[in-house]
Amino acid sequence: MKLRFAPSPTGYLHVGGARTALFNWLLARRSGGVFLLRIEDTDRNRSRPEHVDAITAGLAWLGLEWDEGPVFQADGAERHRRDALRLLAEGRAYRDFTSQEEFAKARDAAVAAGTGAVTRLSRELAARVPPEEGAERAAAGEPFALRFQVPDGATAWDDLVHGPTRFDNAEIDDFVILRSDGTPTYNLAVVSDDAEARITHVVRGDDHISNTPKQILLYEALSRPVPAFGHLPMILGPDGKRLSKRHGAQAVGSYQEEGVLPEAMTNYLALLGWSPGTDEELLSREALVARFSLERVLKKGAVFDPEKLRWLNGQHIARTETEVLAELLRRRLALGAPVALDAPVALDAAFLRMTAALAPRSRTLAEMADGARPYVGPLSGYDPKAARKTWGRNPDQAAKTLSALVEALARAPVPWNDEALEAELRGLAVELGVGAGKVFQPLRLALTGRSASPGIFDVLAILGRERSIRRVEAALAVVRGGEFDCSAPAQGV
Ligand code: GLU
């Protein structure tokens, strides 16, 4: 099998394009075939080199390495023209000198007269100029469009997704293959390129279905083998409408920025329109390669749900080795620095423990970096709501608890270990005559500034003895000051 992904570099790599690329890549890998990347840059006004870079970077991030290319469609312009002129020479295409205004007028008149289909109107209008006269006018430099002469009959193929598909040729316009400025149109260029590259399977979005009969007709007219075609279902927003900007970010890069792992992204994209045939949702790249097939591609539209993607990403994060995850988190903290770092982050035991503690609680690396905030930098203050609730309701009791905590933490055997700390804190709760939660919760808030965090013994181990004690002391000062609405930082702790 030889497959290709043929994006137009008119924007970033979006979810739909990435899914098309993935399905082609999976088919190539599964069959031991070849995956070609072709940049369809014939639209000079809209194509941009930075979009080429964004697309190749997106594919590289997803791990969809291509075996051939990138080839640039514009480099094939001479061949495209040759193929078009061959069709003219063989009587399969004709010159059309009709101006757009003339055509629009004739079409409006035909519609008003109710003469039915106008698909052969361009042929009728062009026929007013006999071929010999057309050749002379062309030789004299008059611009013309080259139209493919659609034969009578029907065009059918066995779509790899939709099954037998058929178009009546009477519904297909004599479409332009060379514009009056001499540039090839998409349908001609794509057939010329796919034939040249000996593509065996064309797998692309449903939006191309109506192009397929035109392309099959061109293959036949050019006496080139017709590849197999498969059309993937449209991607929809959660409201069932075609995916668009108002459904949220569509750029693959924005999910990369958010800290979605490439494995999770490919896993999610694979499930957009394909099913493994079981309830399984968590599939590694290897599992996808082993199990993907077009037979299991659904015909109806697939809903893109960013929340589901984040959930799936959380599953992948939870299954990623701590060392690997720690390195990703370290890089994110060092680069993005959404967090004020105390010092360059080292992958020490505390950092690994923090990573392991945050992993099951984070859906994205961005959430993970946010969760890491209280540990890798100074405390930026206390969540005011939590402070009012946990300390403010009974400040005297809170102060008593916090001061007892300072002593208990100072008393716990050094080096700290979970068991000894737990014994110490539970003993403290008994001493104070309260449930363990009444000790853990004020402590959690003192240590992290938040009401939710990983387990308290994780938090204590990550922060270590000195910082933990300093933070409880700082919290005690705040509670004694009676200012619970403070989101002001507790300096230097
Ligand atoms: N360049 C076309 C697009 O971006 C794809 C053409 C194809 O896959 O045949 O939609």
> In bins 10 Å wide, starting from 0, what share of all Cα pairs of the range 147-260 does each bin hold, as a percent?
Replying inline: 12, 35, 28, 19, 5, 0
> So what is Rg over Rh here for the range 380-490, counting just Cα atoms and using Kirkwood for Rh?
Replying inline: 0.93
> Along the three principal axes, how long is the range 215-303 when you take its alpha carbons, biggest first, rounded to the nearest angstrom?
Replying inline: 49, 33, 24
>> Counting only other residues whose beta carbon sits under 13 Å from that of residue 160, what net charge do I get with K and R as +1, D and E as -1?
In response: -1
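Solvent-accessible area per residue for the chain at a 1.4 Å probe radius, Å²?
Averaged over the residues of the chain, the accessible area is 46 Å².
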> Counting only protein heavy atoms, what percent of the accessible surface of the chain is carbon or sulfur at a 1.4 Å probe?
Replying inline: 52 percent
> Based only on Cα atoms, what Rg/Rh ratio does the range 1-81 have, Rh being taken as Kirkwood's radius?
Replying inline: 0.98
> Largest first, what is the accessible-area ranking of 298, 309 with a 1.4 Å probe?
Replying inline: 298, 309
>> Considering the Cα positions of the range 64-127, please state its Rg to one decimal place and its Dmax as a whole number of Å.
In response: 18.4, 55
> What do you reckon, how do 274, 61, 311 stack up by accessible area (1.4 Å probe), largest on top?
Replying inline: 311, 61, 274
> Near the amide H of residue 275, under 5 Å away, which other amide H atoms are found, from residues 5 or more places off or on another chain, if H is placed in the peptide plane?
Replying inline: 298
> Largest first, how would 186, 255 line up by accessible area (1.4 Å probe)?
Replying inline: 186, 255
> Can you tell which of 25, 267, 474 lies farthest toward the positive end of the dipole of the chain, using +1 and -1 charges on the Cβ of basic and acidic side chains (Lys, Arg; Asp, Glu)?
Replying inline: 474
> Is the shape of the range 437-482 rounded, prolate or oblate, going by the alpha carbon gyration tensor and its root eigenvalues a ≥ b ≥ c, with a/c under 1.5 for rounded and a/b larger than b/c for prolate?
Replying inline: oblate
>> Run the count for the chain, please: Lys pairs, Cα-Cα under 20 angstrom, 8 or more apart or on different chains.
In response: 9
>> Rolling a 1.4 angstrom probe over the protein chains, ignoring ligands and nucleic acids, what is the accessible area of residue 199 in square angstrom, nearest 10?
In response: 10 Å²
>> Given Cα positions, please report Rg to Rh for the chain, the hydrodynamic radius being the Kirkwood one.
In response: 1.18
> Taking the convex hull of the alpha carbon atoms in the range 224-360, what volume per residue do you get, in Å³?
Replying inline: 166 Å³
> Quick one: Kirkwood hydrodynamic radius for the range 1-47, alpha-carbon pairs, angstrom, one decimal?
Replying inline: 11.3 Å
>> Explain nothing, just compute: Karplus ³J(HN,Hα) = 6.51 cos²θ - 1.76 cosθ + 1.60, θ = phi - 60°, for every residue of the range 247-262 in order, whole Hz, x for Gly and Pro.
In response: 8, x, 4, 10, 6, 4, x, 6, 6, 4, 4, 6, x, 7, 7, x
>> Suppose the Debye formula is applied to equal point scatterers at every Cα of the range 252-330; what is log10 I(q)/I(0) at q = 0.11, 0.17, 0.22, 0.27 Å⁻¹?
In response: -0.30, -0.69, -1.07, -1.41
> When the convex hull of the C-alpha atoms of the range 1-155 is computed, what volume per residue in Å³ does it have?
Replying inline: 182 Å³
> Per residue and in cubic angstrom, what volume does the convex hull of the Cα atoms of the range 83-200 have?
Replying inline: 133 Å³
>> Distance between the C-alpha centers of the range 263-295 and the range 394-471? Whole Å please.
In response: 45 Å
> Counting only residues 5 or more places away or on other chains, whose amide H sits under 5 Å from the amide H of residue 381 once H atoms are built in the peptide plane?
Replying inline: 490
>> Could you give me D for the range 320-447, from Stokes-Einstein at 25 °C and 0.890 mPa s, where the hydrodynamic radius is the Kirkwood radius over C-alpha pairs? Units µm² s⁻¹, please.
In response: 149 µm²/s
> Can you list the HN-Hα couplings for the range 361-376, worked out from phi with the Karplus curve (6.51, -1.76, 1.60; θ = phi - 60°), rounded to whole Hz and with x for Gly and Pro?
Replying inline: 9, 10, 8, 9, 5, 5, 5, 5, 5, 5, x, 7, 2, x, 9, 9
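The values are calculated or read from the model by the stated rules, or taken from the named source; none is laboratory data. Bear in mind the structure is a predicted one, so any value in this text is a computation, not a measurement. Note that each Cβ is placed from the backbone with ideal geometry, even for glycine, and that neighbours are counted across all protein chains shown. We work out accessible area using only protein heavy atoms, side chains counted, and drop any ligands, DNA or RNA first. Shrake-Rupley method; radii C 1.70, N 1.55, O 1.52, S 1.80 Å.
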